[in-house]
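Each remark here refers to the structure printed beneath this line.
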Amino acid sequence: MKLAIVGCGSRHKMFRDSVMEDYGSKHEIVAVCDNNPARLRLAAEAASRPGTNGVASYLADEFDTLLAEQKPDTVVVTTPDFLHSDYIVRAFEAGCDVICEKPMTIDLDRLKLIVDAQRASGRKVTVTFNYRYSPARTQIKELLASGTIGDITAVDFRWYLDRVHGADYFRRWHRQKTNSGGLLVHKSTHHFDLLNWWLGSVPEKVFASGQRAFYRPETAVELGLEGRGARCATCPVAAKCDFELDMDADPALRSLYREAEAEDGYFRDLCVFDAEIGIEDTMQAHIRYASGATANYTLVAYAPWEGLEIKFQGTKGELTHRHVEVHGVFGGSREHAKDAVTTELHLAGQAPQVLDVPLGKGMHGGADPVMLGYIFDPEAMPEDSYNRASDHIAGAYSILTGIAANMSIDSGSPVEIPTMLKSRGIDLGETV
Ligand SMILES: NC(=O)c1ccc[n+]([C@@H]2O[C@H](COP(=O)([O-])OP(=O)(O)OC[C@H]3O[C@@H](n4cnc5c(N)ncnc54)[C@H](O)[C@@H]3O)[C@@H](O)[C@H]2O)c1
């Protein structure tokens, strides 16, 4: 298939390298597109095979020309989140399928555009929920779907981002809800997708609270960072700040962002303590599912460790999963903990059993290479009995919990998702 990639920042590399290194005999990158000429140049160079004329490159305002001239079969969308819907819709209208990074989009207006364009065009968007593909999470799906703990009634789910990974969402475009939907959409889309998939159900009602408790000016003062600057590169107190992101010291950050910033003013190292940040760092939600199950969910972006804890209660017992993760995210400092995944099954009336957890190799707990195999060479992969491929409906339900949670934070009241969808004329058809 002929692929075009739009949005040539850090994430597009995973798709580009996978096609070039592992699936080059089946697929070809025919074009790259970005609004930033410097990043576009880097992407075009990296996507070009030696001895060829290279891949075609287009600036963002030439995207329709790209579609007309290159006629890709599939457009890979790896732009900031608020732009996904526009590229998805234009790709559909040109007869292309889409592979889109999460979240599929960030709000109800944009969701409606995608759903309507999908229905009108009959094209397909695959939302790349890589977390579904990690062997440890697939094992949970298998246990729950096979009824091992009976009907699932209640879930406690906590996800902690440490001060390295968590801080990174407060430095750049993610820090405003108009760009990312806030962490309840941008980040939790992964977590809510896992819940929907694990439970085999969809969210119906959400009540949420959220606040920015840590990444704010008061914390900088408490840390002795008075006189801080607007960004790390020019900050007078950077040398004593644990949150400094030194882009000049890292060749990848330097070439991708620092040397490209004159073109579009995209600063990758804005101060994480800025007053104007618009997203929460501390969020809790209570969710009721169509199946009758309920879930309590916590997301914190400044924890002293990184990972997740989840406990499923069922009519026959309990399943507990804990994963202490290690990420290679730029900036700050951290103690590197050993990667540790545990899953414990405790059936009523029996002793708890610690299960053997399969671990994968590669990014995101081994998830990314498996997902890329299903995307780029499905015939070579075993049949996917776990239903891991995600379409626009799964993409929609993964963001609806977060969108409803944002509304609930604003109003202080619970939000009914079917009512919310109906009021905006969004028809997702019959779901579980
Ligand atoms: N699944 C995962 O684990 C995972 C991990 C990282 C990022 N992501 C997702 O990937 C996407 C990209 O994230 P990133 O970290 O690479 O961001 P980034 O800022 O590094 O890259 C975004 C790119 O889009 C370009 N861009 C901005 N406006 C544009 C426009 N109008 N048209 C075309 N290009 C434009 C920017 O110049 C930049 O090159 C996001 O949606 C993010 O949520 C997913």
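The values are calculated or read from the model by the stated rules, or taken from the named source; none is laboratory data. Keep in mind the model is a prediction, meaning the values are calculated, not measured. Virtual Cβ from ideal backbone geometry, glycine too; neighbours counted across all protein chains shown. Side chains included, ligands, DNA and RNA excluded: accessible areas come from the protein's heavy atoms. Shrake-Rupley method; radii C 1.70, N 1.55, O 1.52, S 1.80 Å.
Report, to two decimal places, the Cα Rg of the chain normalised by 2.2 N^0.38 Å (N = number of residues).
Dividing the Cα Rg of the chain by 2.2 N^0.38 Å gives 0.98.
With springs only between Cα atoms under 10 Å apart, run a GNM on the chain and tell me which of Thr128, Thr52, Thr298 wobbles the most.
Result for the chain, Cα springs under 10 Å: Thr52 fluctuates most.
Pull up the DSSP beta bridges for the chain and report the antiparallel fraction as a percent, rounded to 5.
In the chain, approximately 60 percent of DSSP beta bridges are antiparallel ones.
Could you tell me the distance between the Cα centroids of segment 21-97 and segment 154-209, to the nearest Å?
Using only Cα atoms to place each centre, the spacing works out to 28 Å.
Is there a quick way to get the dipole size of the chain? I mean about its Cα centre, with the Cβ of Lys and Arg at +1 and of Asp and Glu at -1; what is the value in debye to the nearest 20?
Using Cβ point charges on Lys, Arg, Asp and Glu, the chain gives about 400 debye.
Report Met1's accessible area, 1.4 Å probe, all protein chains in place, as a number in Å² to the nearest 10.
So the heavy atoms of Met1 present about 70 Å² to solvent.
Please work out how much length the chain gains when fully extended from Thr52 to Arg424, using 0.36 nm per residue of separation minus the C-alpha to C-alpha distance, in nm with one decimal. Present the calculation step by step, with values, prior to reporting the outcome.
Working: separation 372, 0.36 × 372 = 133.92 nm, distance 4.88 nm.
Additional length available on full extension: 129.0 nm.
If I stretch the segment between Lys2 and Ala380 completely, what's the gain in nm (0.36 nm per residue apart, minus their alpha carbon distance), one decimal?
Values: separation 378, 0.36 × 378 = 136.08 nm, distance 1.91 nm.
Working it through step by step, the gained length comes to 134.2 nm.
GNM, the chain, Cα, under 10 Å: largest mean-square fluctuation among Tyr160, Tyr215, Tyr23?
So, out of Tyr160, Tyr215, Tyr23, the one fluctuating most is Tyr23.
Given springs between every Cα pair under 10 Å in a Gaussian network model of the chain, which of Glu101, Glu383, Glu309 has the largest fluctuation?
Glu383
Once R0 is set to 41 Å, what does the formula 1/(1 + (r/R0)^6) return for the Cβ-Cβ distance between Ala275 and Thr315, expressed as a FRET efficiency to the nearest 0.05?
Values: r = 49 Å, r/R0 = 1.20.
My answer for the efficiency is 0.25.
Report, in debye and to the nearest 20, how large the dipole of segment 2-130 comes out about its Cα centre when Lys and Arg carry +1 and Asp and Glu carry -1 on their Cβ.
Charge dipole, segment 2-130, about its Cα centre: 260 debye, nearest 20.
Considering only protein heavy atoms, what per residue accessible area in square angstrom results for the chain with a 1.4 angstrom probe?
About 42 Å² of surface per residue is accessible.
Starting from 0.36 nm per residue, how many nanometres of slack lie between Gln211 and Asp356 once their C-alpha separation is accounted for?
Here the answer is 48.4 nm.
Can you find, among Val6, Val127, Tyr58, the residue farthest towards the positive end of the dipole of segment 2-130? Put +1 on the C-beta of Lys and Arg, -1 on that of Asp and Glu.
Positive-most Cα among the choices belongs to Val127.
Just the number, please: carbon plus sulfur as a percent of the accessible area of the chain, 1.4 Å probe, no ligands or DNA/RNA counted.
Within the chain, the accessible surface is 50 percent carbon and sulfur.
Quick check: the distance between the Cα centres of segment 119-152 and segment 348-370, to the nearest angstrom?
Here the answer is 15 Å between Cα centres.
Before rounding to the nearest 500, sum -39500 (n - 2.57) across all DSSP H runs of length at least 4 in the chain and divide by the residue total; then give [θ] at 222 nm in deg cm²/dmol.
Rounded to the nearest 500, it is -9500 deg cm²/dmol.
Between Thr65 and Asp242, what's the calculated FRET efficiency when r is the beta-carbon distance and R0 is 45 Å? Round to 0.05.
0.45
Using 25 Å as the Cα-Cα cut-off, could you pick out the over-long pairs in Lys124/Lys311; Lys187/Lys316; Lys13/Lys71; Lys26/Lys124? Walk me through the intermediate numbers first.
Values: Lys124/Lys311 34 Å; Lys187/Lys316 32 Å; Lys13/Lys71 22 Å; Lys26/Lys124 19 Å.
Distance filter (> 25 Å) returns Lys124/Lys311; Lys187/Lys316.
Testing the spin-label approximation: label points 7 Å from Cα along Cα→Cβ at Asp156 and Gln176. State their distance in nm.
3.9 nm
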